[in-house]
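Report on the structure given below.
The values are calculated or read from the model by the stated rules, or taken from the named source; none is laboratory data. Since the model is a prediction, treat every value here as computed from it, not as a measurement. With ideal geometry, Cβ positions are generated from the backbone for all residues, glycine too; neighbour counts draw on all protein chains shown.
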Amino acid sequence: MTNSLSPHGYRRTPLPPAREPADIKQETAPSPPARDKPDTSQRPGTAKQRDAFFDNAKYLAIVLVACGHAWEPLTDGSRAAEALYMVVYGFHMPAFIIISGYFSRSFDMRSDRLKRLVTGIVVPYILFEIAYTFFKRWADDDPTQPISLLDPWYLTWFLAALFVWRLTTPLWKLVRWPVALALAIAGLASVSPDIGDDLDLQRVLQFLPFFVVGLVMKPEHFQMMRRREVRILSLPIMAFATLVAYWAAPRMSSAWFYHRDSAQELAAPWWSGLVMTLALFGCSMVLVACFFAWVPRRTMWFTALGAGTLYGYLLHGFLAKGSRFWGWFDTYDWLQTPLGAIAVTFIAAAVVTVLCTRPVQRMFRFAMEPRMEWAFKKDAAELARDRTKTAKAA
């Protein structure tokens, strides 16, 4: 890891290959290549090693997600807030999804991985979909809000999408041009207003290319983004993107960045869906590269929080939506000022940081990472592995 401080990016130690996780909050990676350090990740009694780069990236991305939600009420009265909002929305979820795809590369239909797919994605989706529904009934005084497991509300769309994407992983390993095919599907979805709300399918399909990009990425691709020249070039690119967003703010709807509507639903001609799919994909990939270029490789004070990003993601939604239901931004006019926007930003970052900490993880692990051993039967291969582990331990 210390090689990441080398002044020449192309000489740094490559990122370790992906290790199969259950979901975005449990990713691990093996030790560096043998020429730098003996690989002990598979030896008995050796703990799996997490890679600081990906934990840092997930934490920084979830902070930007929370900040984006905090800025949303400010965008109507501030062109600068709208521009920052559009820039952040251009890459924070694509970065999250690319990391999810990268760590899904080894997913198959093996029984233990299917079990972790259920406990790590399906169960949290069901519990939080129900919890958000009851929260909306109470906070928004809307007793008619129905519970619908097929119509994700607010943040739960990501869990539904991740479930679908991960199940299709074996298919993307078979096709010859997976990214091109995913882009074609996303483009067709963007011109199909008849796609219903079930599982928020528009988002599932329109964000699909980023997941597929993660599937086809290799460690050296992340290493290329860590080169010194890329880091230097990323600064003027981000500045230019902000200027373009400032120009586009009064001329373009930020709803394009949500990828949840077709072109026709955004009052645009159907062919603009195809154009915007390719344009936004290209812009997002450039911005994601700029973001990854500045993600620290070494262990930072917030690295450990990367393991709890799904906690922060789902839990901060109650406060983000509650602030709108309870009219905080309308009640306190000072929040609409530049100092208010800065204060809101720091509050959002602090709240989501707290929600990623270990005490919060322990408190809500029953919903996020339930063991549920009672729900599954062990197959013969798993029983044999358990007997082998017991014998080695003895």
Looking only at the range 93-114, which residues are free of Cβ contacts under 8 Å to residues at least 60 places away in the same chain and part of a helix (DSSP H, G or I)?
114
If we ask which residues in the range 131-149 are β-branched (Val, Ile, Thr) and surrounded by 14 or more Cβ atoms within 10 Å (Cβ to Cβ), their number turns out to be 1
Checking the structure you have, find out if any residue of the range 338-348 is among the aliphatic types (A, V, I, L, M), surrounded by fewer than 12 Cβ atoms within 10 Å (Cβ to Cβ) and under 20 Å from residue 60 (Cβ atoms).
yes
Look through 29, 66 and report the one residue that is modelled with pLDDT of 80 or more and in contact with a helix residue (DSSP H, G or I) (Cβ under 8 Å, 6 or more places away or on another chain).
66
One residue from 133, 156, 119 being touching a helix residue (DSSP H, G or I) at 6+ places or on another chain (Cβ under 6 Å), part of a helix (DSSP H, G or I) and of a type in the set (S, T, N, Q)
156
What number goes with the only condition from (1) under 24 Å from residue 90 (Cβ atoms); (2) under 19 Å from the mean Cα position of the chain (by Cα) that residue 120 does not pass?
(1)
What are the residue pairs meeting all of these: first residue in the range 117-142, first residue closer than 20 Å to residue 370 by Cβ, second residue basic (Lys, Arg) and surrounded by 15 or more Cβ atoms within 10 Å (Cβ to Cβ), Cβ atoms under 9 Å, and 6 or more apart or on different chains?
117/166; 120/25; 121/166; 132/321
Look at residue 189 and say whether it is buried (at least 20 other Cβ atoms within 10 Å of the Cβ), over 24 Å from residue 124 (Cβ atoms) and over 13 Å from the mean Cα position of the chain (by Cα).
yes
Just to be sure, is residue 127 assigned to a loop (DSSP other than H, G, I, E, B) and either of a type in the set (A, V, I, L, M) or surrounded by fewer than 19 Cβ atoms within 10 Å (Cβ to Cβ) (or both)?
no
Among helices (runs of 4 or more DSSP H) entirely within the range 204-281, at least 3 residues that are at pLDDT 95 or above and within 29 Å of residue 172 (Cα to Cα) occur in 208-216
Residue 375: farther than 25 Å from residue 51 by Cβ, surrounded by fewer than 19 Cβ atoms within 10 Å (Cβ to Cβ) and in contact with a helix residue (DSSP H, G or I) (Cβ under 7 Å, 6 or more places away or on another chain), yes or no?
no
Residues in the range 322-339: is at least one among the polar types (S, T, N, Q), farther than 27 Å from residue 138 by Cα, in contact (Cβ under 8 Å) with a residue 60 or more places away in the chain and part of a loop (DSSP other than H, G, I, E, B)?
no
What do you reckon, is residue 361 in contact (Cβ under 8 Å) with a residue 12 or more places away in the chain, farther than 22 Å from residue 135 by Cα and polar (S, T, N, Q)?
no
Kindly check whether there is at least one residue in the range 287-303 that is touching a helix residue (DSSP H, G or I) at 6+ places or on another chain (Cβ under 6 Å), small (Gly, Ala, Ser) and within 22 Å of residue 99 (Cβ to Cβ).
yes
Are any residues in the range 228-283 of a type in the set (D, E, K, R), over 26 Å from residue 184 (Cβ atoms) and out of contact with any His (no Cβ under 8 Å at 6 or more places or on another chain), and if so, which ones?
229, 231, 251
Can you name the number of the only condition in (1) of a type in the set (A, V, I, L, M, F, W, C); (2) farther than 30 Å from residue 179 by Cβ; (3) in a loop (DSSP other than H, G, I, E, B) that residue 295 fails?
(2)
Would you check if there is a residue in the range 161-177 being among the small types (Gly, Ala, Ser), at pLDDT 95 or above, surrounded by 19 or more Cβ atoms within 10 Å (Cβ to Cβ) and touching a Cys at 6+ places or on another chain (Cβ under 9 Å)?
no
